[in-house]
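All remarks here apply to the structure that follows.
Every number in this text was worked out from the coordinates using simple rules, so none of it is lab data. None of these values were measured; they are calculated from a predicted model. With ideal geometry, Cβ positions are generated from the backbone for all residues, glycine too; neighbour counts draw on all protein chains shown.
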Amino acid sequence: MFTQVDHIGFAVHNVEESIAFYKQAFDVQEWEIIDMPERHMAVGVARLNGVLLELIAPTSEEASFAKYLREKGPGIHHIAYTVTDIRASLDELKARGVPLIDKEPRPGIHNTLIAFVHPKGAQGVLVELVQHQH
């Protein structure tokens with residue numbers, strides 16, 4: 001089902017401050033900032049050897065992960081894996097009894113479709129499926 005690690009999502013309080021930290025501490029210099037007002041978040045992304053680092057910051061309390069950040073603080077939020085056919089993957093997971101957050105894929109950044117698997121179905125890890133559209 002998984003073909004590779006697509007990205008690692010980090011919950012942060014402020015995208016610009018976190019990018020500045022990654023530049024200074026780890027010499028990760030090339031970043032793109034994506035504002036997603038419809039999801040109440042800002043995202044900073046950098047690619048390292050094909051794996052995206054994704055810094056996500058809520059822009060309001062309506063962001064889906066705002067409560068998570070408030071309760072747990074900044075850190076790793078999710079890991080995302082590339083799949084070839086996201087709908088088939090969701091159907092397969094459902095058939096296997098794996099609880100899903102998203103029953104249907106939704107648009108993600110960089111022309112992708114995404115869906116989340118509930119952490120209860122992934123040994124406590126929030127897993128995101130990503131299908132790149134061409």
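Tell me, which residue of the range 57-74 that is among the small types (G, A, S) and closer than 18 Å to G108 by Cβ is surrounded by the most Cβ atoms within 10 Å (Cβ to Cβ)? Residue satisfying both the conditions and the ranking: A57.
Looking across the range 22-45, the residues that are closer than 17 Å to A66 by Cβ and among the hydrophobic types (A, V, I, L, M, F, W, C) come down to M36, M41, A42, V43.
Evaluated against (1) small (G, A, S); (2) within 19 Å of H40 (Cα to Cα); (3) not in a strand (DSSP E or B), A115 falls short on exactly one condition, (3). Suppose we keep only residues that are touching a residue at least 24 places away in the same chain (Cβ under 8 Å) and touching a helix residue (DSSP H, G or I) at 6+ places or on another chain (Cβ under 7 Å) within the range 85-109. Which one would you say is surrounded by the fewest Cβ atoms within 10 Å (Cβ to Cβ)? Looking at the filtered set, the residue picked out is V98. Tell me yes or no: at least one residue of the range 75-84 is loosely packed, with under 15 Cβ neighbours inside 10 Å and either within 24 Å of K120 (Cβ to Cβ) or in contact with a Leu (Cβ under 8 Å, 6 or more places away or on another chain) (or both). Yes, the range 75-84 contains at least one residue that is loosely packed, with under 15 Cβ neighbours inside 10 Å and either within 24 Å of K120 (Cβ to Cβ) or in contact with a Leu (Cβ under 8 Å, 6 or more places away or on another chain) (or both). Checking each residue in the range 12-56 for being surrounded by 19 or more Cβ atoms within 10 Å (Cβ to Cβ), of a type in the set (G, A, S) and over 20 Å from N111 (Cα atoms) picks out only S18.
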